[in-house]
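S.K.: Dropping a structure here in C-alpha cells format, bear with me for questions.
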C-alpha cells in the first residue's frame, strides 16, 4: 500500500511540475559550480551512500517528511539543482518544491546514471 501511495504521489507531482530546465551532465556540472545554488540528491539514503555528486544534500523523495525536510534545509532564494537515479523522482520533487514556493529549480537530465556514464570517461 505504501508503494502505491508513493507511486501515486510521484505521478501527481510530476504531472504538476512546470518545465524546469533539464540539464545535460555537462551543463549540470557547470551549473552546480555557481555559488547561489543548492545541490540536492532526492534518492534514498542507501542509494546516496553507494555514490553521489560531491557536495549534494540528501533529501529522500520517498520519505513522508520530504516537504518538511526541504522546508527546513533549503533556501527559496537559491537555485535548487535536483537529481535522482534517472530523472523521474527529481521531476516529481521539482513539482512538490514548486508548490512550496521554490521557483528556481534545475534538474539533471538522465539523473545520476547519466552523470556516472558522462564522468567515467
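What follows draws every value from the coordinates through simple rules; no lab data is involved. Keep in mind it's a predicted model, so treat the numbers as computed, not measured. No Cβ is skipped: glycine too gets one built from the backbone with ideal geometry, and neighbour counts run over all protein chains shown.
S.K.: Cut-off 11 Å, label point 7 angstrom out along Cα-to-Cβ of residue 49: give me the residues of segment 85-121 whose amide nitrogen falls inside.
M.R.: Zone members listed by number: none at all.
S.K.: Convex hull over the Cα atoms of segment 2-119, averaged projected area in nm²?
M.R.: Answer in nm², one decimal: 6.6.
S.K.: Now, a different point. Please compute the length gained on full extension between residue 113 and residue 73, using 0.36 nm multiplied by the number of residues separating them and subtracting their Cα-Cα distance.
M.R.: Details: separation 40, 0.36 × 40 = 14.40 nm, distance 2.51 nm.
Computed gain between residue 113 and residue 73 is 11.9 nm.
S.K.: For segment 74-121, state the semi-axes of the equivalent ellipsoid (square roots of 5 times the eigenvalues of the alpha-carbon gyration tensor), sorted largest first and rounded to whole angstrom.
M.R.: Equivalent-ellipsoid dimensions as semi-axes: 23, 11, 6 Å.
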